[in-house]
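K.L.:
I have a structure here, written as structure tokens, and I will follow up with some questions on it.
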Amino acid sequence: MELRKKTDYLIIHCAATKPSMDIGVTEIRKWHLDRGWRDVGYHYMIRRNGEVELGRRVDDMAAHASGYNHNSIGVCLVGGMAEDNSAENNFTDRQWTALLDLVKQIQADYPDINVIGHNEVSQKECPSFNVQQWKEDNL
């Protein structure tokens, strides 16, 4: 384990899974181990039912956003992909509630943290919604 020395960002991701896929940390950890990573890439996963599962220890450097792993916490919402494999904001009400609670909890521990979407630091559609608009509407 390599401890993160500073925490500037909370980066929100999606698992790029279809609504019919009810997966969690066990499956995502397997996917990441199969890629040769030492553990699941995220610190937290939010399942379709709103359950928050722990991935890597929150003080561990993760593997979720190239160039930002050394100074960020990664949160992944299960979902984010339509049945036709396009990006889709298909998260459940329970996931939104859990995300809001988790972000507030993390902000309490890291008051200066900047909450962003993966797509703000990568050429990806992940997390399939506009995090800055979500923050404006909810935080």
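All of the numbers you see were taken from the coordinates with simple rules; none came from a lab. What you are looking at is a predicted structure, and each value in this text was computed from that prediction instead of being measured. Ideal geometry is used to build each Cβ from the backbone, glycine not excepted, and the neighbour counts take in all protein chains shown.
K.L.:
Percentage of Cα-Cα pair distances in segment 9-138 greater than 26 Å, rounded to whole percent?
P.N.:
Working: 1001 of 8385 pairs.
Cα-Cα pairs in segment 9-138 separated by more than 26 Å: 12 percent.
K.L.:
So, with +1 on the Cβ of K and R and -1 on the Cβ of D and E, and no other charges, what is the size of the charge dipole of segment 1-118 about its Cα centre, to the nearest 20 debye? Mind showing how you got there, number by number?
P.N.:
Working: 14 positive and 17 negative charges, 58 e Å.
The dipole of segment 1-118 has a size of about 280 debye.
K.L.:
Find me the longest stretch of the chain that has none of the exposed GluC sites (Glu not before Pro), where exposed means in a DSSP loop (not H, G, I, E or B) with at most 13 other Cβ atoms within 10 Å.
P.N.:
On the way: sites that count: GLU2, GLU83.
With GluC sites (Glu not before Pro) excluded where exposed in loops, the chain gives 3-82 as its longest stretch.
K.L.:
Straight-line reach from LYS5: which aspartates and glutamates fall under 13 Å, measuring Cα to Cα and dropping same-chain residues less than 8 apart?
P.N.:
ASP59, ASP60
K.L.:
List the lysines whose Cα sits under 22 Å from the Cα of LYS6, skipping any in the same chain fewer than 8 residues away.
P.N.:
Partners within reach: LYS104.
K.L.:
Taking springs between alpha-carbon atoms closer than 10 angstrom, which of SER128, SER20, SER72 fluctuates most in the Gaussian network model of the chain?
P.N.:
Top of the fluctuation ranking is SER20.
K.L.:
Restricting to Cα pairs below 8 Å that are 6+ residues apart, what does the relative contact order work out to for the chain? Please round to a whole percent.
P.N.:
Working: 283 pairs, mean separation 44.2, N = 139.
After rounding, I find 32 percent.
K.L.:
Once you've got the GNM for the chain with C-alpha springs shorter than 10 Å, pick whichever of ARG48, ARG38, ARG56 has the biggest mean-square fluctuation.
P.N.:
With Cα springs under 10 Å in the chain, the top fluctuation among ARG48, ARG38, ARG56 is at ARG38.
K.L.:
Quick one: if the Förster radius is 22 Å, what FRET efficiency do LYS135 and THR97 give, using the C-beta to C-beta distance and rounding to 0.05? Walk me through the intermediate numbers first.
P.N.:
On the way: r = 15 Å, r/R0 = 0.70.
About 0.90, to the nearest 0.05.
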